[in-house]
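Every number in this text was worked out from the coordinates using simple rules, so none of it is lab data. Please read these numbers as outputs of a predicted model, since none were measured by experiment. Using ideal geometry, Cβ is built from the backbone for each residue, glycine included, and neighbour counts are taken over all protein chains shown.
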Amino acid sequence: MSRSGTLFIVSAPSGAGKTTLCEELIKTLPEVVRSVSMTTRAKRGGEVHGRDYFFVTEKQFRAKIKKNAFLEHAKVFGNYYGTPRLFVERMLRKGRDVVLTIDVQGAMKVRRNFRNKAAFIFILPPSFSELKNRLLKRSTEDHAQMALRLEIARKELACAQDYDFQVVNDTIQSAFQKLMAIVIATRCKTAREPRGGGKRRCG
């Protein structure tokens with residue numbers, strides 16, 4: 001009996017390690033594919049068009065919004081990010097599971113349309129101070145950008161309770177094992193029902 005695919009929505013504040021964890025997940029579970037987001041921000045060192053992101057101009061991005069080409073899109077830190085709709089829907093129809101690494105704002109938009117076909121996972125840092133240390137080590141933002149990222153991180157961490165699962169990334173190995181267990185268990189479920197009627201903090 002064929003099964004439709006499941007969306008795995010993975011969110012985390014900057015520096016919590018969601019990209020590393022999801023890359024390892026896809027290497028380990030070949031049935032799972034990653035949706036590549038589209039963005040208007042500039043490429044960083046080592047990033048490849050089509051692998052890390054689809055890098056486009058703001059004019060191109062706005063044209064795709066008008067064509068309803070995104071599953072969700074948002075403006076974050078002054079740049080647009082969006083999830084191409086066609087790829088995700090095609091993979092789900094084929095029974096493939098799709099991982100989306102998107103922010104809280106985007107995740108809440110996806111929830112409205114794919115709630116019963118998606119599992120929502122939030123990656124947490126061991127502590128806020130550790131998150132700050134990780135961002136400082138990256139050295140990719142100036143002082144103002146760092147302050148903004150930390151402010152947004154506080155707001156995003158308050159939304160963790162709205163997700164189905166939470167994984168603390170204290171070590172990559174431990175967090176990865178938990179993430180993989182969540183994916184395998186979710187795929188084995190026979191049905192996914194909406195969560196109970198508790199009041200959500202976001203969305």
Review point. Per residue, how much space in cubic angstrom lies within the convex hull of the C-alpha atoms of the range 53-107?
Key: 86 Å³
Point to revise | trypsin sites (Lys or Arg not before Pro) lying in DSSP loop within the range 61-164, provided at most 14 other Cβ fall within 10 Å | key: LYS67, LYS94
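Given the pairs LYS109/LYS189; LYS64/LYS178; LYS66/LYS189; LYS64/LYS189, which are separated by over 28 angstrom at their Cα positions? If you can, show how the numbers build up before the last one.
Working: LYS109/LYS189 24 Å; LYS64/LYS178 36 Å; LYS66/LYS189 37 Å; LYS64/LYS189 35 Å.
Violating the 28 Å limit, Cα to Cα: LYS64/LYS178; LYS66/LYS189; LYS64/LYS189.
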Review point. Any idea what Rg and Dmax come out to for the range 7-188 if you just take the C-alpha atoms, in Å?
Key: 15.9, 46
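Stretched out fully, how many nm does the piece from ARG115 to ARG96 gain, at 0.36 nm a residue minus the Cα gap?
Details: separation 19, 0.36 × 19 = 6.84 nm, distance 1.70 nm.
That works out to 5.1 nm of additional length.
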Check your understanding: Which cross-chain or sequence-distant (5 or more) residues have an amide H under 5 Å from the amide H of GLU72, H modelled 1.01 Å from N in plane?
Key -> THR83
Exercise for review: Identify unpaired cysteines across the chain, taking unpaired to mean no other cysteine Cβ lies under 4.7 Å from the residue's Cβ.
Suggested key: CYS22, CYS188
Check your understanding: Under a straight-distance cross-link criterion of Cα-Cα below 20 Å, which lysines are reachable from LYS137, leaving out those fewer than 8 residues away in the same chain?
Key -> LYS18, LYS43
Review point. Roughly what would the spin-label model give for CYS188 and HIS49, points 7 Å off Cα along C-beta, in nm?
Key: 4.4 nm
**Study point:** Pairwise label distance in nanometres, THR28 with GLU89, each label 7 Å out on the Cα-Cβ vector
**Key:** 3.3 nm
Practice item. On a C-alpha basis, how far is the centre of the range 29-55 from the centre of the range 81-144 in Å? Whole number, if you could? Key: 13 Å
Revision key, fill the gap. Residues whose built amide H sits under 5 Å from the amide H of ARG34, excluding neighbours closer than 5 in sequence, are VAL99
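What number, rounded to the nearest 500 deg cm²/dmol, is the helix-based mean residue ellipticity at 222 nm of the chain, given -39500 (n - 2.57) per DSSP H run of at least four residues and division by all its residues? Numbers along the way, then the final one.
Numbers: 7 runs with 83 residues, N = 203.
Mean residue ellipticity at 222 nm (helix-derived): -12500 deg cm²/dmol.
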Check your understanding: If you line up the Cα atoms of the range 1-81 on their principal axes, what length do they span on each, largest first, in Å?
Key -> 42, 32, 22
Review point. Around ASN79, which amide H atoms from residues at least 5 apart in sequence, or from another chain, sit under 5 Å from its own amide H, with H modelled in the peptide plane?
Key: none
